[in-house]
1. Let me confirm something: among Arg148, Arg105, which residue is open to solvent by 80 Å² or more (accessible area, probe 1.4 Å) and at positive phi?
2. How do the pairs read when you match residues in segment 56-75 that are away from ligand 1 (no atom under 15 Å from the Cβ) with residues anywhere that are of a type in the set (Ser, Thr, Tyr) and open to solvent by 20 Å² or more (accessible area, probe 1.4 Å), using Cβ under 9 Å and keeping only pairs 6 or more apart or on different chains?
3. Just to be sure I understand, how many residues within segment 149-187 are among the β-branched types (Val, Ile, Thr) and either closer than 30 Å to Ala71 by Cα or free of Cβ contacts under 8 Å to residues at least 40 places away in the same chain (or both)?
4. Going through segment 151-173 one residue at a time, which ones are away from ligand 2 (no atom under 15 Å from the Cβ), among the charged types (D, E, K, R) and open to solvent by 60 Å² or more (accessible area, probe 1.4 Å)?
5. Could you go through segment 47-68 and let me know if any residue there is within 25 Å of Asp158 (Cβ to Cβ), more than 17 Å from the chain's Cα centre (by Cα) and part of a helix (DSSP H, G or I).
6. Does Phe110 satisfy the condition of being among the hydrophobic types (A, V, I, L, M, F, W, C), under 28 Å from Val35 (Cβ atoms) and open to solvent by 50 Å² or more (accessible area, probe 1.4 Å)?
7. Which of the residues belonging to segment 27-41 are without any contact (Cβ under 8 Å) to a residue 60 or more places away in the chain and either open to solvent by less than 60 Å² (accessible area, probe 1.4 Å) or assigned to a loop (DSSP other than H, G, I, E, B) (or both)?
8. Ala121 is checked against (1) of a type in the set (Gly, Ala, Ser); (2) surrounded by fewer than 19 Cβ atoms within 10 Å (Cβ to Cβ); (3) in contact with a helix residue (DSSP H, G or I) (Cβ under 6 Å, 6 or more places away or on another chain) and fails just one. What number does that condition carry?
Amino acid sequence: MNTVMLKDVPKDRPTLSDIPTLRKRARQHIEAGAVTSGYAADRETVLKLLNEALAAELVCVLRYKRHYFMAAGTHAAPVAAEFLEHANEEMQHADSLAKRIVELRGEPNFSPDGLSARSHAEYVEGATLKDMIKEDLIAERIAIESYREMIGYLGEHDPTTRRLFKDILAAEEEHAEDLSSLLQGMA
Ligand SMILES: [Fe+2]
Ligand SMILES: [Fe+2]
(Lines give C-alpha, C1' and ligand atoms only; values in the text may rest on other atoms or scores of the structure.)
(Ligands and ions follow the chains in the order given, each with its own letter.)
Protein backbone atom coordinates (compact mmCIF):
# COMPACT_ATOMS: atom_id res chain seq x y z
CA MET A 1 0.00 0.00 0.00
CA ASN A 2 1.54 3.30 -1.06
CA THR A 3 -0.84 5.99 0.09
CA VAL A 4 0.62 9.44 0.62
CA MET A 5 -0.35 10.69 4.04
CA LEU A 6 -1.15 14.35 4.44
CA LYS A 7 1.74 14.73 6.83
CA ASP A 8 4.10 13.57 4.04
CA VAL A 9 3.25 16.54 1.83
CA PRO A 10 6.12 19.02 2.08
CA LYS A 11 5.17 22.20 3.93
CA ASP A 12 6.57 24.50 1.22
CA ARG A 13 4.43 22.87 -1.47
CA PRO A 14 2.35 25.56 -3.28
CA THR A 15 -1.30 25.56 -2.27
CA LEU A 16 -4.17 25.28 -4.77
CA SER A 17 -6.96 27.85 -4.59
CA ASP A 18 -10.59 26.76 -4.63
CA ILE A 19 -12.78 27.80 -7.56
CA PRO A 20 -14.63 30.69 -5.85
CA THR A 21 -11.31 32.21 -4.73
CA LEU A 22 -9.82 31.86 -8.22
CA ARG A 23 -12.95 33.46 -9.75
CA LYS A 24 -12.96 36.31 -7.26
CA ARG A 25 -9.28 37.07 -7.80
CA ALA A 26 -9.68 37.03 -11.59
CA ARG A 27 -12.42 39.67 -11.33
CA GLN A 28 -10.23 42.04 -9.37
CA HIS A 29 -7.97 44.45 -11.35
CA ILE A 30 -9.42 43.29 -14.65
CA GLU A 31 -7.57 46.18 -16.37
CA ALA A 32 -4.34 44.25 -15.74
CA GLY A 33 -5.32 41.76 -18.49
CA ALA A 34 -3.10 38.66 -18.40
CA VAL A 35 -1.30 39.89 -15.26
CA THR A 36 -3.21 38.42 -12.30
CA SER A 37 -2.53 38.70 -8.59
CA GLY A 38 -0.90 35.26 -8.73
CA TYR A 39 1.87 36.63 -11.01
CA ALA A 40 4.90 35.79 -8.92
CA ALA A 41 7.73 37.50 -10.80
CA ASP A 42 9.04 41.05 -10.42
CA ARG A 43 7.17 42.49 -13.40
CA GLU A 44 9.39 45.56 -13.84
CA THR A 45 12.54 43.41 -14.03
CA VAL A 46 10.90 40.92 -16.38
CA LEU A 47 9.83 43.79 -18.65
CA LYS A 48 13.38 45.14 -18.59
CA LEU A 49 14.78 41.72 -19.55
CA LEU A 50 12.21 41.33 -22.30
CA ASN A 51 13.05 44.77 -23.72
CA GLU A 52 16.79 44.01 -23.63
CA ALA A 53 16.13 40.76 -25.46
CA LEU A 54 13.94 42.65 -27.97
CA ALA A 55 16.80 45.12 -28.62
CA ALA A 56 19.23 42.22 -29.11
CA GLU A 57 16.90 40.51 -31.61
CA LEU A 58 16.45 43.75 -33.56
CA VAL A 59 20.23 44.31 -33.70
CA CYS A 60 20.57 40.72 -34.95
CA VAL A 61 17.97 41.33 -37.67
CA LEU A 62 19.91 44.40 -38.84
CA ARG A 63 23.29 42.65 -38.74
CA TYR A 64 22.02 39.57 -40.63
CA LYS A 65 20.32 41.79 -43.22
CA ARG A 66 23.53 43.73 -43.76
CA HIS A 67 25.43 40.44 -44.12
CA TYR A 68 22.82 39.02 -46.47
CA PHE A 69 23.08 41.96 -48.86
CA MET A 70 26.89 42.19 -48.61
CA ALA A 71 27.62 38.48 -49.04
CA ALA A 72 29.72 38.00 -52.16
CA GLY A 73 32.18 35.43 -53.55
CA THR A 74 32.23 31.77 -54.46
CA HIS A 75 30.85 30.55 -51.13
CA ALA A 76 28.25 33.30 -51.01
CA ALA A 77 24.94 31.84 -52.23
CA PRO A 78 24.30 29.22 -49.50
CA VAL A 79 25.76 31.50 -46.82
CA ALA A 80 23.61 34.44 -47.93
CA ALA A 81 20.55 32.18 -47.82
CA GLU A 82 21.44 31.23 -44.25
CA PHE A 83 21.87 34.89 -43.25
CA LEU A 84 18.44 35.71 -44.65
CA GLU A 85 16.79 32.77 -42.89
CA HIS A 86 18.35 33.83 -39.59
CA ALA A 87 17.30 37.47 -40.11
CA ASN A 88 13.70 36.35 -40.58
CA GLU A 89 13.79 34.11 -37.52
CA GLU A 90 15.29 36.89 -35.35
CA MET A 91 12.40 39.09 -36.49
CA GLN A 92 9.93 36.42 -35.32
CA HIS A 93 11.72 36.33 -31.97
CA ALA A 94 11.46 40.13 -31.73
CA ASP A 95 7.71 39.90 -32.46
CA SER A 96 7.13 37.23 -29.80
CA LEU A 97 9.03 39.27 -27.21
CA ALA A 98 7.07 42.43 -28.05
CA LYS A 99 3.82 40.47 -27.78
CA ARG A 100 4.79 39.17 -24.33
CA ILE A 101 5.77 42.69 -23.20
CA VAL A 102 2.29 43.94 -24.09
CA GLU A 103 0.67 40.97 -22.32
CA LEU A 104 2.56 42.00 -19.20
CA ARG A 105 1.22 45.54 -19.58
CA GLY A 106 4.55 46.98 -20.64
CA GLU A 107 5.60 48.83 -23.79
CA PRO A 108 7.97 47.31 -26.33
CA ASN A 109 10.88 49.63 -27.02
CA PHE A 110 11.45 49.81 -30.77
CA SER A 111 13.27 53.13 -30.62
CA PRO A 112 16.42 53.26 -32.77
CA ASP A 113 17.91 55.68 -30.21
CA GLY A 114 20.18 53.65 -27.95
CA LEU A 115 19.19 50.38 -29.62
CA SER A 116 22.71 48.92 -29.73
CA ALA A 117 23.39 50.02 -26.14
CA ARG A 118 20.25 48.16 -24.95
CA SER A 119 21.25 45.01 -26.85
CA HIS A 120 23.53 42.28 -25.50
CA ALA A 121 24.56 41.28 -29.02
CA GLU A 122 26.67 43.63 -31.11
CA TYR A 123 26.34 45.02 -34.62
CA VAL A 124 29.61 44.22 -36.39
CA GLU A 125 29.73 44.52 -40.17
CA GLY A 126 32.70 42.27 -40.92
CA ALA A 127 34.97 42.83 -43.95
CA THR A 128 34.88 39.34 -45.46
CA LEU A 129 32.31 36.59 -45.69
CA LYS A 130 34.27 34.64 -43.09
CA ASP A 131 34.35 37.66 -40.74
CA MET A 132 30.59 38.02 -41.09
CA ILE A 133 29.96 34.38 -40.15
CA LYS A 134 32.36 34.71 -37.22
CA GLU A 135 30.65 37.85 -35.93
CA ASP A 136 27.25 36.22 -36.27
CA LEU A 137 28.49 33.19 -34.36
CA ILE A 138 29.80 35.45 -31.57
CA ALA A 139 26.45 37.26 -31.41
CA GLU A 140 24.60 33.93 -31.23
CA ARG A 141 26.88 32.79 -28.42
CA ILE A 142 26.11 36.01 -26.51
CA ALA A 143 22.39 35.43 -27.10
CA ILE A 144 22.64 31.83 -25.86
CA GLU A 145 24.38 32.93 -22.66
CA SER A 146 21.95 35.75 -21.95
CA TYR A 147 18.80 33.67 -22.61
CA ARG A 148 20.21 30.93 -20.40
CA GLU A 149 20.80 33.43 -17.61
CA MET A 150 17.35 34.96 -17.96
CA ILE A 151 15.73 31.49 -17.84
CA GLY A 152 17.65 30.81 -14.63
CA TYR A 153 16.60 34.16 -13.16
CA LEU A 154 12.91 33.57 -13.91
CA GLY A 155 12.85 30.11 -12.36
CA GLU A 156 9.20 29.11 -11.94
CA HIS A 157 8.02 32.67 -11.26
CA ASP A 158 6.82 33.38 -14.81
CA PRO A 159 6.41 30.09 -16.73
CA THR A 160 5.12 31.77 -19.90
CA THR A 161 8.07 34.13 -20.30
CA ARG A 162 10.38 31.30 -19.32
CA ARG A 163 8.93 29.06 -22.05
CA LEU A 164 9.32 31.86 -24.60
CA PHE A 165 12.97 32.35 -23.62
CA LYS A 166 13.54 28.59 -23.82
CA ASP A 167 12.03 28.37 -27.31
CA ILE A 168 14.18 31.26 -28.49
CA LEU A 169 17.25 29.76 -26.82
CA ALA A 170 16.74 26.53 -28.78
CA ALA A 171 16.57 28.51 -32.04
CA GLU A 172 19.74 30.47 -31.18
CA GLU A 173 21.55 27.20 -30.49
CA GLU A 174 20.53 25.99 -33.95
CA HIS A 175 21.74 29.27 -35.48
CA ALA A 176 25.11 28.90 -33.74
CA GLU A 177 25.38 25.32 -35.00
CA ASP A 178 24.56 26.42 -38.59
CA LEU A 179 27.23 29.13 -38.47
CA SER A 180 29.78 26.82 -36.94
CA SER A 181 29.33 24.30 -39.78
CA LEU A 182 29.55 27.09 -42.36
CA LEU A 183 32.86 28.17 -40.82
CA GLN A 184 34.17 24.62 -40.84
CA GLY A 185 33.14 24.27 -44.49
CA MET A 186 35.28 27.28 -45.37
CA ALA A 187 38.42 26.22 -43.56
FE1 LIG B 1 16.85 35.38 -32.03
FE1 LIG C 1 19.95 33.75 -33.67
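1. Answer to the selection: Arg105.
2. What qualifies is Arg66/Tyr123; Gly73/Thr128.
3. Here the count works out to 2.
4. We begin by selecting, within segment 151-173, every residue away from ligand 2 (no atom under 15 Å from the Cβ); these are 151-163.
Now restrict to residues that are among the charged types (D, E, K, R): 156, 158, 162-163.
The answer is Glu156, Arg163.
5. Within segment 47-68, not a single residue is within 25 Å of Asp158 (Cβ to Cβ), more than 17 Å from the chain's Cα centre (by Cα) and part of a helix (DSSP H, G or I).
6. yes
7. The initial filter retains those residues of segment 27-41 that are without any contact (Cβ under 8 Å) to a residue 60 or more places away in the chain, namely 27-31, 36-38.
The answer is Gln28, His29, Thr36, Ser37, Gly38.
8. (2)
The values are calculated or read from the model by the stated rules, or taken from the named source; none is laboratory data. Since this is a predicted model, take the numbers as computed values, not measurements. Glycine gets a Cβ as well: all are built from the backbone with ideal geometry, and neighbour counts include every protein chain shown. For the accessible areas, the whole protein counts, side chains as well, though only heavy atoms, and no ligand, DNA or RNA atoms are used. Shrake-Rupley method; radii C 1.70, N 1.55, O 1.52, S 1.80 Å.
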